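Nothing in this text is a laboratory measurement; each read-out follows from the coordinates by a stated rule. Computed from a predicted model, the values in this text were never measured in an experiment. Cβ placement follows ideal geometry from the backbone for every residue including glycine, while neighbour counts extend to all protein chains displayed.
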Amino acid sequence: MQVVRYHSDIGNHIVLVAKTGRKFISIIPMDSSGIRVRKVPLSEERYFKELDYPVKKAKKIFRQAAKNFGVTKTARQLLKG
């Protein structure tokens with residue numbers, strides 16, 4: 001897992017990259033509509049910029065946000081530990 005800045009068409013987001021597959025990248029964005037896993041095409045990887053931020057600390061912040069905004073089961077499992 002790594003912490004990246006994702007420059008999407010709707011703005012910049014801090015996301016955790018959970019898994020990279022053959023076609024899609026699973027990301028967990030910090031969003032006020034809830035913490036959930038989203039899949040973006042592999043071609044979107046060019047808009048990622050890796051950040052020098054500890055993953056353990058980022059996971060802790062995402063878990064705190066999940067308490068306020070809600071979280072899906074899959075995202076909760078990925079943020080554990």
Please list, ordered by first then second residue, the pairs with beta carbon atoms under 6 Å, 6 or more apart or interchain, first in the stretch 61-81 and closer than 12 Å to residue 34 by Cα, second among the charged types (D, E, K, R) and surrounded by 12 or more Cβ atoms within 10 Å (Cβ to Cβ).
72/36; 75/36
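Report the residue count in the stretch 17-31 for those that are within 8 Å of the chain's Cα centre (by Cα) and without any contact (Cβ under 8 Å) to a residue 60 or more places away in the chain.
So the first thing to find is which residues in the stretch 17-31 are within 8 Å of the chain's Cα centre (by Cα), and the list is 17-18, 26-30.
From the residues that got through so far, the ones that are without any contact (Cβ under 8 Å) to a residue 60 or more places away in the chain too are 17, 26-30.
Qualifying residue count, the stretch 17-31: 6.
I'm trying to understand the selection: among the residues of the stretch 45-81, which are of a type in the set (Asp, Glu) and surrounded by 10 or more Cβ atoms within 10 Å (Cβ to Cβ)?
Pass one, the stretch 45-81, residues of a type in the set (Asp, Glu): 45, 50, 52.
Result: 45, 50.
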For residue 43, the lone unmet condition from (1) out of contact with any Gly (no Cβ under 9 Å at 6 or more places or on another chain); (2) within 21 Å of residue 59 (Cβ to Cβ) is (2)
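Give the stretch 3-33 a look and list any residue that's over 18 Å from residue 62 (Cα atoms), surrounded by fewer than 19 Cβ atoms within 10 Å (Cβ to Cβ) and touching a Leu at 6+ places or on another chain (Cβ under 8 Å), or say none.
Our first condition is that a residue be over 18 Å from residue 62 (Cα atoms); within the stretch 3-33, this holds for 7-11, 20-25.
Imposing the further condition that a residue be surrounded by fewer than 19 Cβ atoms within 10 Å (Cβ to Cβ) reduces the set to 7-11, 20-24.
Scanning the stretch 3-33 gives 20, 21, 22, 23, 24.
I'm trying to understand the selection: among the residues of the stretch 1-19, which are in contact with a helix residue (DSSP H, G or I) (Cβ under 7 Å, 6 or more places away or on another chain) and under 12 Å from residue 53 (Cβ atoms)? Working first, answer last.
Pass one, the stretch 1-19, residues in contact with a helix residue (DSSP H, G or I) (Cβ under 7 Å, 6 or more places away or on another chain): 1-3, 6-8, 16, 18.
Those that are in contact with a helix residue (DSSP H, G or I) (Cβ under 7 Å, 6 or more places away or on another chain) and under 12 Å from residue 53 (Cβ atoms): 1, 2, 3, 16.
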